[in-house]
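The values are calculated or read from the model by the stated rules, or taken from the named source; none is laboratory data. Keep in mind the model is a prediction, meaning the values are calculated, not measured. Cβ atoms come from the backbone with ideal geometry, glycine included; neighbour counts cover every protein chain shown.
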Amino acid sequence: MGTDMKEGKTISGRDKPLRGLRGKIQFNQQLCVACRTCEHVCAGNAIRIVEARNGSGLNFILWHNTCAFCGLCEHYCPTKAIHLTEDYHTTHLQEDKYNFLERGFIQYVPCACCGKPMVPVSRELLALAYGDAEDVAHLARLCEKCRPGSTLRKG
Ligand code: SF4
Ligand code: SF4
């Protein structure tokens, strides 16, 4: 049973979660650029990012039952694609422990210049990084090798 440190009350029985509670992780595949930082820093070894068998993209998998709610993934994610929610409903049956997952799929797209499969950059992420995404929208369709050349040509 958890305790509200500020009010000295138990969490159970509340209608609303406590503000600032470190609860269940949520993943937004639209913002993820597959940098794998979260996988690297994860204290609970709860995150895996693996290429799909058919090579069409990357599977993001997070096992809630091994998450330690440390918040390192949220802290270090450069694009705000992963965060702790205030949802504390994480109890589950023993038989479901390996199925209690947060999943995502990052579909590769072909580079507009060389055709190499690449992790796309969403308009949502461009807007987050640059505000007005129109000026840099063309960069989202280029792989990391073609992007610098395009930037130089535009400049
Ligand atoms: S909160 Fe910590 S343990 Fe949980 S997924 Fe993020 S880095 Fe891993
Ligand atoms: S969730 Fe964030 S830290 Fe993890 S791979 Fe995606 S962009 Fe990188």
Restricted to the stretch 1-32, and to residues that are surrounded by 14 or more Cβ atoms within 10 Å (Cβ to Cβ) and farther than 25 Å from ALA127 by Cα, which residue is modelled with the lowest pLDDT?
-> PRO17
How many residues does the stretch 33-42 hold that are out of contact with any Cys (no Cβ under 8 Å at 6 or more places or on another chain) and crowded, with 16+ Cβ neighbours inside 10 Å?
-> 3
Would you say CYS113 is surrounded by 17 or more Cβ atoms within 10 Å (Cβ to Cβ) and without any contact (Cβ under 8 Å) to a residue 60 or more places away in the chain?
-> no
Pairs only if they're at least six apart or on different chains, beta carbon under 6 angstrom, first in the stretch 68-88 and β-branched (Val, Ile, Thr), second near ligand 2 (Cβ under 8 Å from one of its atoms) and at pLDDT 95 or above; list them, first residue then second.
-> ILE82/PHE27; ILE82/CYS38; ILE82/CYS73
Filter result (within 15 Å of ligand 2 (Cβ to nearest atom) and basic (Lys, Arg)) within the stretch 53-99 | LYS80
Scanning the stretch 83-109 residue by residue, the ones that are more than 21 Å from VAL50 (Cβ to Cβ), surrounded by 13 or more Cβ atoms within 10 Å (Cβ to Cβ) and not β-branched (Val, Ile, Thr) total 4
